[in-house]
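The values are calculated or read from the model by the stated rules, or taken from the named source; none is laboratory data. Keep in mind the model is a prediction, meaning the values are calculated, not measured. Glycine gets a Cβ as well: all are built from the backbone with ideal geometry, and neighbour counts include every protein chain shown.
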Amino acid sequence: MYSRTLLVAGAALLGPVLGASWTATPFNPASVPLAVRTPYLSAWLAQGAGTALNDAWPTFWTGSILGWAGYVKVDGTTYTWLGVPNVAGPSKATQKSFQFTSTQSIFTLSAGPVDLTATFLSPVEPSDLVNQSLPFSYLAVSVKSNDGNSHNVQVYTDISAEWVTGDNSLVANWTTTTGNVLTHQVQLSSPSVYSEVSDHTQYGSAYHATLNTVGATWQSGQDIVVRQQFISNGALANTADTNFRAVSNNWPVFGFAHNLGTVGTSATAPVVFVVGHVRDPAIQYITANNGRQDRSVLFWTRFSTVSSAISTFINDYANALARANAFDAKVKSDASKISSDYADIVALSVRQALGAIEITVSKDSTGKFNTSDITTFLKEISSDGNVNTVDVVFPSWPIFLYTNPVIGKQLLLPLFEYQATGQYPNKWAVHDMGSSYPKAVGHNDGQDEAMQVEESGNMLIMALSHAQKSGDNSLLKTYYSLLDQWTQYLIQDSLIPAEQLSTDDFAGKLANQTNLAIKGIVGIAAMSKIAGIVGDTARASNYSSIAASYVQQWQGFALSSDKTHLTLAYGNSSSWGLAYNLLADKLLGTNVFPKSIFDLQTQWYSSHALSYGVPLDTRHTYTKSDWEIWTAALVTSTSVRDLLVSSVRKYAADGKSSQPLGDWYETADGSVEGFRARPVVGGHLALLIV
């Protein structure tokens, strides 16, 4: 992975933090989301144990640099507040505070006699799918005097061409448009549709925009030239560099400056900048008979041009901020009913989880958008780049049930649609929609990663829970035969699971997995409820009886010889693990597993936690943060729940990593084991859905 070694470890719960001199609310996370909206608009500050906004360049989720610089000029003296631009002369602003919410990361820095506040807002708008689909993010800057006097102030930001490629030797070109909105657009000169290099998309355009207000200036050109222009003059030259070249050849940047004029002790109205990345088409999708369909991001149904989308987006900032504040407040209120530690974890998880999805629409035969065909695609960020991986959607599932179950349905639809065409040859549920995002081209050879019980159970559990939360039974009715097919497989392979992988595939294959059997049995019980919903009373009764019978037999297999805990694998009484799949039984109300099992596991976990939580199982001392929180949502003791929650919060704040929150970590010392920026942190909302 890309994490770097940090000399200073540890972080206080509330600032100042070790390795840093500012106040952090609620804490300093390993990496701060700056502009996180899609798999390709994903800019972070690798914060570690104490890296200020102007101590490092922002980075893509992989750790590669995304040039993003900021200066403020105060009474003729220039200060750096964003990034680490290498131009002689400016002083460095001093970070005073940092705060994050579910949608925002807010930094305040003192630049001599003024304080500058930079608000990075990545909107989360699940109730408006078009807004949620917009691949843009805000940076709003306001300034106020901190010494009681008035000061003359100008502010500056730029982005580099690093935002459009994973290969900085490639040639880019760019344009700047003026009017009511100033917009820089940059893209590769030779794009490759649906391609990635080092997880960066290799087509589409990056955008940097601001309102063309009085005192606004712009410039494109070599990094040191454009930045020096602002340092020397407090304004840019309104000139374009037309020497298109490689991203790393004299590093072209795309800057804006605003003259704020005289600034007093009241904060200025925010100067708003927009960053974004747009691709069209966005997703390649398999259709019947191995056909291919190009899908576009949903925002195109409301906006005919990128410029109109940017104009609406930037002019909507005040309203977007109000909606964001309302969303943040609701999430915090809901999560705080569990604990303040839990509210902190949830706030850090929201942008990361939703930043892995894209909401798409198809076109009909006349080229018009078919708004009755909206599907959502999720990139399995970091682990292997698959599309709509079922056992990544599943741990992420709580955030979709909590924010808008419609998005959950849209994530399941491609999986159902594809398998309903009959092209997938296996009798169990497919693992994913494609090996490499954004190509959702299926697995007609049946050679996807086999997780037979895992994915079949996941699909049944998610389909029923969606219907229960939304009241929409259409998936259950339309794909009833598929759901029944997967149930038949579970009946064969759930009670005594053959050697196979579970979602925790990094731990390897294992036969007779107790927790995997739980998932399969709950899946069968879910199908009983599904059959009841669609009026198939015979199957409803049959599957209910099978599930109940399996639970009785399972208890004989799964309990340790001394009956103190569930085993990891049947017959190995010294083994145990997190039985997180029990949460599905609670979520669905299938209630096939007796309360005594929940109580037994609760008691076991209470005495088997290490410094940073309960290990995933006895094969290793590492765990998964999503499964820790799922387990917290199923235990029957508030103190054990809080132990699990606080362990994850302790890990998230420990300052031992500088990568976007990793879900796989070591319970002995809180170090990251692997993975970063994955959407499975949506599972941290599990306590909000039961």
Just wondering, is there one or more residues in segment 627-636 that are in a loop (DSSP other than H, G, I, E, B), touching a Ser or Thr at 6+ places or on another chain (Cβ under 9 Å) and either in contact (Cβ under 8 Å) with a residue 40 or more places away in the chain or of a type in the set (Ser, Thr, Tyr) (or both)? yes
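Results for (1) in contact with a strand residue (DSSP E or B) (Cβ under 6 Å, 6 or more places away or on another chain); (2) buried (at least 24 other Cβ atoms within 10 Å of the Cβ); (3) hydrophobic (A, V, I, L, M, F, W, C), shown as yes or no for each residue.
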position: Lys563; (1), (2), (3): no, no, no
position: Ala569; (1), (2), (3): yes, no, yes
position: Leu578; (1), (2), (3): no, yes, yes
position: Asn591; (1), (2), (3): no, no, no
position: Pro660; (1), (2), (3): yes, yes, no
position: Ala677; (1), (2), (3): no, yes, yes
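Give the residues of segment 125-146 that are more than 27 Å from Val253 (Cα to Cα) and either surrounded by 24 or more Cβ atoms within 10 Å (Cβ to Cβ) or in contact with a Gly (Cβ under 6 Å, 6 or more places away or on another chain) (or both), sorted by residue number. Can you show your working first?
Step one: of segment 125-146, the residues more than 27 Å from Val253 (Cα to Cα) are 125-132, 144-146.
Hit for segment 125-146 is Ser145, nothing else.
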So Pro497 passes all but one of these: (1) in contact with a strand residue (DSSP E or B) (Cβ under 7 Å, 6 or more places away or on another chain); (2) assigned to a helix (DSSP H, G or I). Which condition number does it fail? (2)
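For segment 354-386, what are the residues that are assigned to a loop (DSSP other than H, G, I, E, B) and of a type in the set (Lys, Arg)?
From segment 354-386, those assigned to a loop (DSSP other than H, G, I, E, B) are 355-356, 364-368, 380-386; that's our starting set.
If the condition is that a residue be assigned to a loop (DSSP other than H, G, I, E, B) and of a type in the set (Lys, Arg), then Lys368 is the only one that fits.
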Checking the conditions here, which among Ser304, Ser296 is outside any helix (DSSP H, G or I), surrounded by fewer than 17 Cβ atoms within 10 Å (Cβ to Cβ) and outside the structural domain of Lys363 (by TED's automatic domain parsing)? Ser304
Just to be sure, is Thr213 touching a residue at least 40 places away in the same chain (Cβ under 8 Å), out of contact with any helix residue (DSSP H, G or I) (no Cβ under 8 Å at 6 or more places or on another chain), buried (at least 19 other Cβ atoms within 10 Å of the Cβ) and among the hydroxyl-bearing types (Ser, Thr, Tyr)? no
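Of a type outside the set (A, V, I, L, M, F, W, C) and under 20 Å from Pro395 (Cα atoms): does that describe Thr503?
Values: of a type outside the set (A, V, I, L, M, F, W, C): yes; under 20 Å from Pro395 (Cα atoms): yes.
Answer is yes for this residue.
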Only one of Val648, Val640 is assigned to a helix (DSSP H, G or I) and in contact with a His (Cβ under 8 Å, 6 or more places away or on another chain). Can you tell me which? Val648
Where Ala343 falls short, out of the listed (1) assigned by TED's automatic domain parsing to the domain that holds Asp642; (2) touching a helix residue (DSSP H, G or I) at 6+ places or on another chain (Cβ under 7 Å); (3) crowded, with 23+ Cβ neighbours inside 10 Å: (3)
Which residues, taken from segment 597-626, are over 25 Å from Val392 (Cβ atoms) and part of a helix (DSSP H, G or I)? Ile597, Phe598, Asp599, Leu600, Thr602, Gln603, Trp604, Ser606
For segment 91-106, which positions are farther than 15 Å from Thr119 by Cβ and crowded, with 21+ Cβ neighbours inside 10 Å? Ala93
